[in-house]
1. Karplus couplings for region 121-134 from phi (6.51 cos²θ - 1.76 cosθ + 1.60, θ = phi - 60°), rounded to Hz, Gly and Pro as x?
2. For region 85-188, run through the GluC sites (Glu not before Pro) and keep only the ones in DSSP coil with at most 16 other Cβ atoms within 10 Å of their Cβ.
3. Please report how far the C-alpha centroid of region 62-85 lies from that of region 165-188, rounded to the nearest whole angstrom.
4. Just to check I understand the Karplus step: with θ = phi - 60° and J = 6.51 cos²θ - 1.76 cosθ + 1.60, what whole-Hz values come out for region 103-120, glycine and proline as x?
5. What shape does region 71-188 have by the C-alpha gyration tensor, where a ≥ b ≥ c are the square roots of the eigenvalues, rounded means a/c under 1.5, and otherwise prolate means a/b greater than b/c and oblate the rest?
Amino acid sequence: MAARLPSWAWVTGLTAGATAVVVALAVQADHGPHPTAAVAEPSPSASASAHPSATPEAPATPVLPDDSGTGRRIVYSVGDKRVWLVDATGRATRTFAVWPGTVSPQPGRYSVTLRIQSLKGSDGVQIEHVMYFTKAEGVNIAFSNALDGSSPPPAPGGQKLGGIRLHKEDGAALWSFGDQGTRVAVVK
């Protein structure tokens, strides 16, 4: 007859197994693809090879718009539906795609006027990392991300929405980058 293990041994074994699974998933996520991370551009001295490469080439990083100003700033391209975080030297340190609301800001120069950690958006979605920077058509325009990380649903029945939604990790990066007063350049 086999000896029976005490109940604490089962709990300890299950806890150790669950911890191992969580660690394995965290390592996999940390080393997996990060589609919103900025990709280094090749140096000007790099030349195209006449021989096809066995490795696929990384997609080109979207170029920072020329008319976006100078210095440290957040750049939002309405047409490209994209944001760049630009350091004081004028180098884009991160770029990512966004989901604009139904109301877009006019091209121009603004600054972050108000930051709110979390609230319920005008579309009923719980959002966080809310950074207001202007108003258009009577609607506040702000960057934010859905608290649950989801993409925004289509705007119901022609509702005017000024939220520019980001992926959750991009929302956290923007929140860390932009304080109240940080410049925001909006381009076409």
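1. x, 5, 8, x, 8, 5, 10, 9, 6, 7, 10, 7, 9, 6
2. On the way: sites: Glu128, Glu137, Glu169; in loops: Glu137.
Passing both the DSSP loop test and the Cβ count: Glu137.
3. So the two Cα centres are separated by 11 Å.
4. So the Karplus estimates, Gly and Pro as x, are 10, 10, x, 6, x, x, 10, 9, 8, 5, 9, 7, 10, 10, 4, 7, 5, 8 Hz.
5. prolate
All of the numbers you see were taken from the coordinates with simple rules; none came from a lab. None of these values were measured; they are calculated from a predicted model. Cβ: placed from backbone, ideal geometry, glycine included. Neighbour counts: every protein chain shown.
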